[in-house]
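Notes for the one structure printed next.
The values are calculated or read from the model by the stated rules, or taken from the named source; none is laboratory data. Every value quoted in this text rests on a predicted model; they were computed, and no experiment measured them. Cβ sites come from the backbone with ideal geometry, for glycine too, and all protein chains shown count toward neighbours. All accessible areas refer to the heavy atoms of the entire protein, side chains included, with ligands and DNA or RNA removed. Shrake-Rupley method; radii C 1.70, N 1.55, O 1.52, S 1.80 Å.
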Amino acid sequence: MPRGIAKDHDEKRAALRQGAARYFAKNGYDRASMTGAARECGVSKALIYHYYDSKEDLLFDILQAHLSGLSDSVEAARDNGLSSLIHAILAAYSDADAEHKLQLDALATLPPEMQKPLIDLQRQLVTIMSDAIVAENPALSGDRLRAATMTVFGILNWFYMWNRPGKGLTRTEYADLATDFVRGGLAAL
C-alpha cells in the first residue's frame, strides 16, 4: 500500500525550495547540481528526489511559487494605485532575492512547456503595472507605455543587487522614493 502524504509535506517542499534557490542563485543554475542543493538544504539527495523528479522540476517549483506569491500580492494591491503596487512588489521581493535572481537568470533554461505558465504570470504582472501607469498618465500607449512599464520594473527588479539590509534606505523608504521618482517621470512624458 502506498504511503500517504506527510502532514508537513508543504513545509518540507517550501524549505527545499528556499534552500535550493539560495544554492542555485549563489552557484549559477547551469553549474548547480541536485547533490549541492541537497547539501545546502541539509538533506539527502534521495529526499530531494522524493519531492522532485529533476532539477528542472525543482527550478519550476521555485519560480512558480515565487511568481504566484508575487502575483497574489500585486492582485491585492491592484485597485489601490501605483504606490500600493510598488510597495507590494518590493515587499514581495523581501527575503526572496535568490528566487528573484533565478527568475531573471534561469527561467529561460526551462523547457518551453515549463516556461509558459511562468511567463503568463510575468505578463499578468506587466499588465497590472501598465494599467496603473495609464491611470497616472492616460496619454501613454503603445511602445511608450511598454517602455515606461518596463522602466518601472527595472527600478524595482534590481534593488536586491545594490541594497544592503541595515544600510541606507529600507524597502519601504525605497518604495516611497521609487514611487515619487516614477510619478515625476510619468508626469514628464
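Computed values, structure above
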quantity: Residue pairs meeting the criteria (Cβ under 8 Å; at least 6 apart or on separate chains; first in contact (Cβ under 8 Å) with a residue 60 or more places away in the chain and in a helix (DSSP H, G or I), in the stretch 58-85; second open to solvent by 40 Å² or more (accessible area, probe 1.4 Å) and among the small types (Gly, Ala, Ser)); calculated: LEU82/ALA135
quantity: Conditions (1) surrounded by 15 or more Cβ atoms within 10 Å (Cβ to Cβ); (2) more than 13 Å from the chain's Cα centre (by Cα); number of the one not met by MET150; calculated: (1)
quantity: Residue pairs meeting the criteria (Cβ under 6 Å; at least 6 apart or on separate chains; first touching a residue at least 12 places away in the same chain (Cβ under 8 Å), in the stretch 33-56; second assigned to a helix (DSSP H, G or I) and of a type in the set (Ser, Thr, Tyr)); calculated: GLY36/TYR23; ALA37/TYR23; GLU40/TYR23
quantity: Hey, LEU90 surrounded by 18 or more Cβ atoms within 10 Å (Cβ to Cβ) and either among the aliphatic types (A, V, I, L, M) or farther than 17 Å from LEU67 by Cβ (or both) or not; calculated: yes
quantity: Any pair with Cβ under 9 angstrom, 6 or more apart, that starts in the stretch 166-189 at a residue that is farther than 23 Å from SER94 by Cβ and ends at one that is part of a loop (DSSP other than H, G, I, E, B); calculated: LEU186/ASN137; LEU186/LEU140; ALA187/ASN137; LEU189/ASN137; LEU189/ALA139; LEU189/LEU140
quantity: Residue within the stretch 54-67 that is closer than 30 Å to ALA135 by Cβ and surrounded by fewer than 18 Cβ atoms within 10 Å (Cβ to Cβ) present; calculated: yes
quantity: Every pair of residues 6+ apart whose Cβ atoms lie under 9 Å, when the first sits in the stretch 1-14 and is open to solvent by 70 Å² or more (accessible area, probe 1.4 Å) while the second is at pLDDT below 85; calculated: LYS12/ALA6
quantity: Subset of the stretch 115-132 (residues that are under 30 Å from LYS26 (Cβ atoms), buried (at least 18 other Cβ atoms within 10 Å of the Cβ) and more than 14 Å from the chain's Cα centre (by Cα)); calculated: MET129
quantity: The listed residue being closer than 22 Å to MET161 by Cα and either assigned to a helix (DSSP H, G or I) or in contact with a Lys or Arg (Cβ under 9 Å, 6 or more places away or on another chain) (or both), out of HIS100, HIS50; calculated: HIS100
quantity: Among the candidates ALA139, ALA135, residue that is hydrophobic (A, V, I, L, M, F, W, C), in a helix (DSSP H, G or I) and exposed (fewer than 15 other Cβ atoms within 10 Å of the Cβ); calculated: ALA135
quantity: Some residue of the stretch 10-33 being assigned to a loop (DSSP other than H, G, I, E, B), of a type outside the set (S, T, N, Q), at pLDDT below 95 and out of contact with any helix residue (DSSP H, G or I) (no Cβ under 8 Å at 6 or more places or on another chain); calculated: no
quantity: Some residue of the stretch 1-8 being modelled with pLDDT under 95, closer than 25 Å to LEU118 by Cα and charged (D, E, K, R); calculated: no
quantity: Yes/no for LEU110 being of a type in the set (A, V, I, L, M, F, W, C) and surrounded by fewer than 14 Cβ atoms within 10 Å (Cβ to Cβ); calculated: no
quantity: Search result, residues across the stretch 156-182 that are assigned to a helix (DSSP H, G or I), of a type in the set (A, V, I, L, M) and surrounded by fewer than 17 Cβ atoms within 10 Å (Cβ to Cβ); calculated: MET161, LEU177
